[in-house]
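Following: one structure in structure tokens, then a few remarks.
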Amino acid sequence: MTNVETSRSIRGTSAGGTPPDRAEGTAQAVAGILVMFSLLGISVVGNAILSERIWHTVDRLRATPAAPAELLAGKALPGLLVLLLQQATLLTFGVLALGLRVASPTLLALVVATWAVTLLCCGAALATLARSTAELAAATDIGGVILTCFAGALVPLDALPGWVRAVGPASPGYWAMRGLHAAFGGDTGTVLRSLVPLVAVALGAGVLAGVRLARGWGRGGP
């Protein structure tokens, strides 16, 4: 609740001293919390795959007829369900308790699903790169906080310095925030444009994870 009121105040101040827009502030707070916690949730997917490497069971899995993509999908599916449940819970709370307005539930579902898959692929890629759970935790926790800040999830980008706004689009969270806000407002064009970078990140991370696993780079050793 504190974050909601803060976002409403910041929105009003950043708009040039006009009265705070409560609806916009609520949308900012709900979307920001969703993006922040889902970015931190990458570790759930990463640890599921990394544990297989540490226990050396991934080598046995690679010996089966299953393709690398199938192995990754099998390990990542529970994480996907967790991410979707997490986001659905936050959005439901936002609508019922905070009065969040959603003009297009269909567009919102599309953004949430794409964002969850993007996080899934990023978590899988990190799991094939990290050498230990501590290394993975550092990457997901520190990286998640940094990406959250540059995405404008904690504080709206228009209230941050110019250099932060310039770097913002480099964060996948930026496009998730943009897509969520557009879905709240029913803006189909902006939603679709926001999903393009997320899909590109998902494809890149997914291919990286699959290649490393297929070549044996994802084994338990360094």
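Taking the conditions (1) at pLDDT below 95; (2) under 28 Å from ARG215 (Cα atoms); (3) not basic (Lys, Arg) in turn, GLY94 satisfies each one other than (2). So which residues in the stretch 94-105 are part of a helix (DSSP H, G or I) and in contact (Cβ under 8 Å) with a residue 12 or more places away in the chain, if there are any at all? Those that are part of a helix (DSSP H, G or I) and in contact (Cβ under 8 Å) with a residue 12 or more places away in the chain: GLY94, LEU98. Please verify whether the stretch 73-83 includes one or more residues that are modelled with pLDDT under 80, in a helix (DSSP H, G or I) and closer than 21 Å to LEU195 by Cβ. Taking every residue of the stretch 73-83 in turn, at least one turns out to be modelled with pLDDT under 80, in a helix (DSSP H, G or I) and closer than 21 Å to LEU195 by Cβ.
Can you find even one residue in the stretch 62-84 that is more than 30 Å from LEU213 (Cβ to Cβ) and within 21 Å of the chain's Cα centre (by Cα)?
no
When LEU108, LEU147, LEU154, LEU120 are checked against the criterion of being assigned to a loop (DSSP other than H, G, I, E, B), buried (at least 16 other Cβ atoms within 10 Å of the Cβ) and in contact (Cβ under 8 Å) with a residue 40 or more places away in the chain, a single residue qualifies: LEU154. You will find that of LEU192, LEU213, LEU198, the residue that is under 20 Å from LEU50 (Cβ atoms), assigned to a helix (DSSP H, G or I) and of a type in the set (A, V, I, L, M) is LEU213 and no other. Per the listing ALA159, ALA127, the residue uniquely among the hydrophobic types (A, V, I, L, M, F, W, C), over 19 Å from PHE37 (Cα atoms) and either in contact (Cβ under 8 Å) with a residue 12 or more places away in the chain or touching a helix residue (DSSP H, G or I) at 6+ places or on another chain (Cβ under 9 Å) (or both) is ALA159.
The values are calculated or read from the model by the stated rules, or taken from the named source; none is laboratory data. Treat the numbers as computed from the prediction; the structure is a model and nothing was measured. Glycine also receives a Cβ, built like all others from the backbone with ideal geometry; neighbour counts cover every protein chain displayed.
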